[in-house]
Each structure stands twice: as structure tokens, then as C-alpha cells.
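Everything on this sheet refers to the single structure shown next.
What follows is calculated from the coordinates using simple rules that are stated; it is not laboratory data. What you see is a predicted model, and the numbers here were worked out from it, not measured in a lab. Heads up, the Cβs are rebuilt from the backbone with ideal geometry, glycines too, and the neighbour counts pull from every protein chain shown.
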Amino acid sequence: FDYKVVDLTHIHGNDSIYWPTHTGYELIYSQRGNFGDGLWVASYTLKTTEHLGTHLDAPVHFNQYSWTTHQIPIDHLVGPGVIIDVKDKVKNDLDYRVTVADIEKWEENNGRIPNGAIVIMNSGWHERYPDKKRVFNTEDPIDTKTFHFPSWHEDTVAWMVAHRTIHVLGVDTPSLDYGQSRKFPVHVLISSENICGLENVGYLDRIPASGTIISIGAMKTENGSGCPARVIALIPQGKSTSGANKQQTFLIFIVLCFIYHILLTY
Ligand SMILES: N[C@@H](CC(=O)c1ccccc1NC=O)C(=O)O
């Protein structure tokens, strides 16, 4: 197994970030202690909003006819990672929305966005997690009208929907629409296209802009609208012997044998 595995998940717990219209997280120690015969058992009950911390938005989140969590095809939850770094842009504009030019710049450096990509904005916001006032960027993290954080511009997402095939759209902020959004056009658009969302992704500076495989481990909850998720990236280490490399090695071996044979003959 020749991959470095990087965890892109914030801890799911009492400090997790969630949209203020939801209820939060509760881990109930329903069974914890001696179980007879010298056994000790921990087996708890978890109550949580689906949209907790690092989590998946199922396409049904903003479209009643789109896939629920259990209906998402599994090959939509793993794919090539496309990390769009906008940290410099965000420094001057905390309400920044990723542009088509940002995508074009990524493609100049990394090639065309691969089919089935998992495209994630890296705004540097993951560093603020889980400080609610800094993540929602307001003194009043309950009042959504006061939120200021970056995300995707709907025109950019519409461009990707029209010209590329992406399976997941992600952010390191709490929402796929920027903090000041009122109509949530990015949520509405991706939901209607059966594209999944990923929010509060962490540790994005630990992976390269391209060349990774990202996998989203989310529960297969029946009729769910999303789920807390364990998001990981696999970075190929390039030490393994691929099929093509094996063929090359074999050819070199044959050529060396041939040369050795000639040397022995003369
Ligand atoms: N997608 C985000 C935001 C969200 O859930 C949301 C955004 C705007 C209006 C309502 C929302 N969710 C439910 O109240 C989240 O999953 O936390």
C-alpha cells in the first residue's frame, strides 16, 4: 500500500460547528462499566444533527427530488481531489467567492479537472475551527445575517456544471454559500444536479492541489439529508512498481541477459 493517508476531518464532538438552526451533538454514555465476568464495556448513544462539523450534504439537502444519503452511488463518494487555494484572495476579502478565473488558474497548473472530481475550496478558514466567533466571523454566531465567510460563487459552480463533471463540491468554511448569502444559490444548484456537498473540511494544507484521491466515509443513513463524515486523502508515494514499470524492468533484464550472452560468446 503505497499511499500516505491524510485525515481531513475535524473531531466530531461538543465543540463541533453546526448551522444555528440545528440542534447540536450529544454523546450519551448509555452503557459504560463492568459487564460481569470481569468484562468492561463501552457502548454509547449518539444524538447529532446530520450537518455537524466536517460533513456531507446529500443532494436532497436543497432539492426534494434529489438523492438522499443512502441513494448516493458509492463511486460519487471517492474521486480525484481538486484543491482550489484562494487564501491570498480571502486575505483582502472575507466575503470572497471563488471565481472561474481561480478554476482556470488551477487548470493551468494541474491540467483539466478530472471527471468525477471532488473539488474543494481551501480558504485557510479551517485554521479558525472550532472557534465559532472566528468561523462564522461574527460577534453573534446565532444570527445568520451577521455571518461573513468565503465560499463558492454560483456562476463558478454553474460553469463547472456546464463544462466539467464533478461529483462533490467542498469548502473549509461552514457553508457552500458564502456567509452573506440569503438565497443559497450554490446549495440549490448542486442539489438539483445531484452533486454532493462537503463542509468544514480540515487540514487542507497537508495535501497537494492535485494528484490525490479523496474518500468520504459517511454513514448510509436511510433517507438522510447528510451525515458527519470521515474525509481522507490518499497521496500516492510513487515507490510502488506499477504494471508499466514491471514491464520496463523485465525488458531491461532481457537486454542485459542478451548483452551478457554476447560478451560470453566472444
Ligand atoms: N449546508 C449548511 C448550511 C445549512 O444547513 C443551511 C443553510 C441555509 C439555510 C438553512 C440551512 N440548514 C437548515 O436549517 C450545513 O449543512 O450546515
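Observations
- If the convex hull is drawn through the Cα atoms of the stretch 171-212, its volume per residue in Å³: 85
- Kirkwood Rh and Cα Rg combined as Rg over Rh, evaluated for the stretch 100-148: 1.17
- Label-point gap, in nm, between Lys105 and Asp37 - each point 7 angstrom along Cα→Cβ: 6.3
- Coordinate range along principal axes, alpha carbons of the stretch 151-232, Å, largest first: 33, 29, 26
- Contact order relative to length of the chain, as percent, for alpha carbon pairs under 8 angstrom and 6 or more apart: 29
- Using C-alpha pairs under 8 Å with a sequence gap of at least 6, the mean separation divided by the residue count of the stretch 1-127 gives a relative contact order of 19 percent.
- Both the radius of gyration and Dmax for the stretch 119-266 are 24.0, 88 Å, in that order, over alpha-carbon atoms.
- The lysine pair tally for the stretch 1-120, using Cα distances under 27 Å and a gap of 8 or more places or different chains, is 5.
- Tail beyond 19 Å, pair distance distribution of the stretch 1-124 (Cα, percent): 70
- Difference of contour (0.36 nm per residue) and Cα-Cα distance, Asp75 to Trp19: 17.4 nm
- Computed over the stretch 80-162, Cα set: Rg, Dmax in Å: 14.1, 42
- Alpha carbon centroid spacing (whole Å) that separates the stretch 84-145 from the stretch 153-229: 11
- Cα-derived Rg to Rh of the chain, Kirkwood definition: 1.12
- Taking the fewest neighbouring Cβ atoms within 10 Å as the starting point, the ordered list for Glu127, Glu26, Glu139 is Glu139, Glu26, Glu127.
- Kirkwood hydrodynamic radius of the stretch 19-62, from inverse mean 1/r over distinct Cα pairs, in Å: 13.1
- Bridging of Lys133 to aspartates and glutamates at a Cα separation below 13 Å is possible for Asp15, Asp143, once same-chain residues fewer than 8 apart are set aside.
- For the stretch 133-182, the Cα-based Rg and Dmax, in that order, read 12.9, 40 Å.
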